[in-house]
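The values are calculated or read from the model by the stated rules, or taken from the named source; none is laboratory data. These numbers were taken from a predicted model, which means no experiment stands behind them. All Cβ positions, even for glycine, are placed from backbone atoms using ideal geometry, and neighbour counts span all protein chains on display. Surface areas here come from the heavy atoms of the whole protein model, side chains and all, with no ligands, DNA or RNA. Shrake-Rupley method; radii C 1.70, N 1.55, O 1.52, S 1.80 Å.
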Amino acid sequence: MKIKRWSLLARVTHWLLFIGVTVGFITGIPIFLGFKDPIYSNPDLIRTLHYYLTTIPLSIAIPLIILRGIEVLYRGAGEESWWPGWRDIRTAVKIALHWFGLSKDYPKIGFHHPMEKLLILAVHSGLLLLGASGIPMAFFDIPSEIRNLFILAHMIGFILVSIPLAGHFMLAINPVNWETLKAMFTDGEVSLEWAEKHHPEWAERIKELRVKAVGE
């Protein structure tokens, strides 16, 4: 049995973020390094790609992210808030104790892993910093006396995005997560069996919602 994990809005937003961030990394690193490697034979093309193929997808994604936040609040599919709360902190501590062999108990995971919420918060914060600092530097004449502040903000944004996304990438290519990775890039659906194994609390919520819908 298949269940919907990612809505169309979630998938479109993810595609836009994936394109914008990937192009931003590939083209931004040589700009940061000053094109010192001879492989970069066309700096103007790389700058153009960085300015536009990063800015356009991410700019389109911003209102969609806001809509996603609203969708999460009102969507009847058991998806909880992105904001980490005390419950998430307690769950994360229990998971850490289990990892280190200090506890046999492993808490039930809901729609999001508690660390996933921290990842979302860090990436969104980093993207805001990257946009707020990068767009003015790309398209406006920033006075030299404050340009270094924009560069610093851009570097902090890069760190906030790159570190959690490195972990996100490693988890995404783990065979355990292939089903949800495929769902994000295709139809948004995962099997109920996968959900019961990896997100049992969310799977129970889905079952409750279905029973309630049938009852009505």
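Data table
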{"item": "Filter result (under 18 Å from residue 57 (Cα atoms) and of a type outside the set (Gly, Ala, Ser)) within the range 155-180", "result": "158, 161, 165"}
{"item": "Verdict on residue 16 being at pLDDT 80 or above, open to solvent by 90 Å² or more (accessible area, probe 1.4 Å) and within 18 Å of the chain's Cα centre (by Cα)", "result": "no"}
{"item": "Yes/no for residue 110 being more than 16 Å from residue 28 (Cα to Cα) and open to solvent by less than 30 Å² (accessible area, probe 1.4 Å)", "result": "yes"}
{"item": "Residue match in the range 31-42 (condition: of a type in the set (A, V, I, L, M, F, W, C), open to solvent by less than 80 Å² (accessible area, probe 1.4 Å) and at pLDDT 90 or above)", "result": "no"}
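Here is a yes/no grid of residues against (1) within 23 Å of the chain's Cα centre (by Cα); (2) over 27 Å from residue 12 (Cβ atoms); (3) in a helix (DSSP H, G or I):
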position: 148; (1), (2), (3): no, yes, yes
position: 154; (1), (2), (3): yes, no, yes
position: 160; (1), (2), (3): yes, no, yes
position: 171; (1), (2), (3): yes, no, yes
position: 184; (1), (2), (3): yes, no, yes
position: 195; (1), (2), (3): yes, no, yes
position: 202; (1), (2), (3): yes, no, yes
position: 209; (1), (2), (3): no, no, yes
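Conditions tested, residue by residue: (1) in contact with a strand residue (DSSP E or B) (Cβ under 8 Å, 6 or more places away or on another chain); (2) surrounded by fewer than 16 Cβ atoms within 10 Å (Cβ to Cβ); (3) in contact (Cβ under 8 Å) with a residue 24 or more places away in the chain.
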site	(1), (2), (3)
86	no, yes, no
95	no, no, no
99	no, yes, no
119	no, no, yes
129	no, no, yes
156	no, yes, yes
163	no, yes, yes
